[in-house]
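Accompanying notes for the structure given below.
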Amino acid sequence: MKLLVTGASGLIGSEVCCHFAMKGWKIHGVDNNQRAVFFGPQGDTRWNQSRLQKEIVGFEHHEIDIRNREGILELVRTIRPDAVVHTAAQPSHDRAAAIPFDDFDTNAVGTFNLLEAVRQACPESPFVHMSTNKVYGDRPNTIALKELETRWDYADPAYEHGIAESFSIDQSKHSLFGASKVAADIVVQEYGRYFNMPTCCLRGGCLTGPNHSGVELHGFLSYLVKCNLEQREYRVFGYKGKQVRDNIHSEDVAKFMAAFIATPRCAEVYNLGGGKENSCSILEAFRIAESFTGKAQKFTYVDENRIGDHICYYSDLRKMREHYPGWDITHSLSSTIGQIVAAWKTR
């Protein structure tokens, strides 16, 4: 069995490569270290590529940009993978506004290139797309909230379990990043429905883990821990530092992808996050990180929030658990942060 993974040197891509390699799959990784172009040297993922090439027997690295249409068509035609996991992206709100063409071409057009290549070469192969909860724009901010001591939370009982997949993506501000990911999300669904291909969009919350190259513009927990360990100032953007995210370990993401690929469905959408149990505010994340490092978190507060940023967001996991009852969260928030601390110390 052959697996093609885009963004293979990134957090989720590398986790997926390792997970499927342990199951005996032949792994083809696509990555051109574009993260270093987007974020500078601190976003460089070559170290992770080297790790994969050392640890995975027979791992094949393909240095190709997903915007290269002919190159992607030829690659997929040659490999004819039994499944595709698409994690490559420009992942930052803030960078998208500075590089709008690169953002849209990477996130929307790159995804389209891959889908059409798969349709032409191996339309029966499951296609898993790493989407984002930012497809909902700032619409989650219209939900009635209550302010607690260290976090915001939903006051509306309809959202007791979090945001479900039926939540509207319309009439909201997305950021250019969110808009490019909406385009990709919709076209992945359309290839599933129109061509009857086994596709799914995973609308991720905060995806994290020890192999994350976190930077200020992307990688919340990883970057927060790095700042704590190096005693650098972490900047909090608005909402009193009480903004909430649910966090899911990259291994749990890979396990869900494996469950979908084993029993694929057509044009599905899942809100992939840690759920309410693994949610935290920035202030709460400070306390957990401090408990592992013994160092006080240094931070400054900027009153203006990021454009389109969520005040409170955590995923309703009930649909995922219903469709794939063998899957569930296995890494707690505290355990995940502990692993990130240990990884940054080692690195």
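The values are calculated or read from the model by the stated rules, or taken from the named source; none is laboratory data. None of these values were measured; they are calculated from a predicted model. Every residue, glycine as well, gets a Cβ built from its backbone with ideal geometry; the counts of neighbours run over all protein chains shown.
I'm trying to understand the selection: among the residues of the range 178-195, which are among the polar types (S, T, N, Q) and either surrounded by fewer than 19 Cβ atoms within 10 Å (Cβ to Cβ) or touching a strand residue (DSSP E or B) at 6+ places or on another chain (Cβ under 8 Å) (or both)?
189
Quick check on the range 216-227. Is at least one of its residues without any contact (Cβ under 8 Å) to a residue 12 or more places away in the chain and of a type in the set (A, V, I, L, M)?
no
Just to be sure I understand, how many residues within the range 3-59 are more than 21 Å from residue 202 (Cβ to Cβ), charged (D, E, K, R) and touching a Ser or Thr at 6+ places or on another chain (Cβ under 9 Å)?
Residues that pass the stated criteria total 3.
Could you list all residues from the range 259-284 that are crowded, with 20+ Cβ neighbours inside 10 Å, small (Gly, Ala, Ser) and within 15 Å of residue 129 (Cα to Cα)? Working first, answer last.
The first filter runs over the range 259-284 and keeps only residues crowded, with 20+ Cβ neighbours inside 10 Å, leaving 260-261, 268-275, 278-282.
Remaining after also requiring small (Gly, Ala, Ser): 273-275, 279, 281.
Hit for the range 259-284 is 273, nothing else.
Output the number of residues of the range 82-113 satisfying the condition of being in contact with a helix residue (DSSP H, G or I) (Cβ under 8 Å, 6 or more places away or on another chain) and not in a helix (DSSP H, G or I).
Result for the range 82-113: 11.
Among 129, 86, 161, which is at pLDDT 95 or above, in contact with a Cys (Cβ under 7 Å, 6 or more places away or on another chain) and not charged (D, E, K, R)?
Exactly one residue qualifies, and that residue is 129.
Which of the following residues is closer than 30 Å to residue 124 by Cβ and not in a helix (DSSP H, G or I): 166, 172?
166
For the subset of the range 140-163 comprising residues that are of a type in the set (D, E, K, R) and not in a loop (DSSP other than H, G, I, E, B), which member is nearest to the chain's Cα centre (by Cα)?
153
Does the range 25-46 contain any residue that is modelled with pLDDT of 95 or more and in contact with a Pro (Cβ under 8 Å, 6 or more places away or on another chain)?
yes
For the range 249-272, which residues satisfy the criterion of being closer than 15 Å to residue 208 by Cβ and either touching a Cys at 6+ places or on another chain (Cβ under 7 Å) or in a strand (DSSP E or B) (or both)?
Result: 249, 272.
What's the total number of residues in the range 152-167 that are on the phi < 0 side of the Ramachandran plot and in contact with a Gly (Cβ under 9 Å, 6 or more places away or on another chain)? Write out each step before concluding.
From the range 152-167, those on the phi < 0 side of the Ramachandran plot are 152-161, 163-167; that's our starting set.
Now narrow it down to the ones that are in contact with a Gly (Cβ under 9 Å, 6 or more places away or on another chain): 154, 161, 163.
Residues meeting the conditions: 3.
Among (1) among the charged types (D, E, K, R); (2) in a helix (DSSP H, G or I); (3) in contact (Cβ under 8 Å) with a residue 60 or more places away in the chain, where does residue 277 come up short?
(3)
Is it the case, given these coordinates, that residue 230 is surrounded by fewer than 17 Cβ atoms within 10 Å (Cβ to Cβ), more than 13 Å from the chain's Cα centre (by Cα), within 22 Å of residue 36 (Cβ to Cβ) and modelled with pLDDT of 95 or more?
Against the criterion (surrounded by fewer than 17 Cβ atoms within 10 Å (Cβ to Cβ), more than 13 Å from the chain's Cα centre (by Cα), within 22 Å of residue 36 (Cβ to Cβ) and modelled with pLDDT of 95 or more), residue 230 qualifies.
I'd like to verify a number: residues in the range 107-124 that are in contact with a strand residue (DSSP E or B) (Cβ under 7 Å, 6 or more places away or on another chain) and either of a type in the set (Val, Ile, Thr) or surrounded by fewer than 21 Cβ atoms within 10 Å (Cβ to Cβ) (or both), how many?
Qualifying residue count, the range 107-124: 2.
Output yes when any residue across the range 54-70 is in contact with a Gly (Cβ under 6 Å, 6 or more places away or on another chain), under 22 Å from residue 222 (Cα atoms) and either surrounded by 24 or more Cβ atoms within 10 Å (Cβ to Cβ) or among the polar types (S, T, N, Q) (or both), and no when none is.
There is no residue in the range 54-70 that is in contact with a Gly (Cβ under 6 Å, 6 or more places away or on another chain), under 22 Å from residue 222 (Cα atoms) and either surrounded by 24 or more Cβ atoms within 10 Å (Cβ to Cβ) or among the polar types (S, T, N, Q) (or both).
Between residues in the range 61-78 that are in contact (Cβ under 8 Å) with a residue 40 or more places away in the chain and residues that are assigned to a helix (DSSP H, G or I) and surrounded by fewer than 17 Cβ atoms within 10 Å (Cβ to Cβ), which pairs lie under 6 Å by C-beta distance while being six or more apart or on different chains?
The qualifying pairs do not exist here.
Give the residues of the range 315-347 that are acidic (Asp, Glu) and either surrounded by 14 or more Cβ atoms within 10 Å (Cβ to Cβ) or modelled with pLDDT under 95 (or both), sorted by residue number. Working first, answer last.
Initial filter on the range 315-347 (acidic (Asp, Glu)): 316, 322, 328.
Result: 316, single match.
Residues are listed down the side, and each one gets a yes or a no for (1) assigned to a strand (DSSP E or B); (2) under 30 Å from residue 233 (Cα atoms); (3) under 21 Å from the mean Cα position of the chain (by Cα):
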position	(1), (2), (3)
247	yes, yes, yes
285	no, yes, yes
306	no, yes, yes
319	no, no, yes
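For residues that are assigned to a strand (DSSP E or B) and touching a strand residue (DSSP E or B) at 6+ places or on another chain (Cβ under 9 Å), tally how many sit in the range 199-230.
Looking only at that region, the number is 9.
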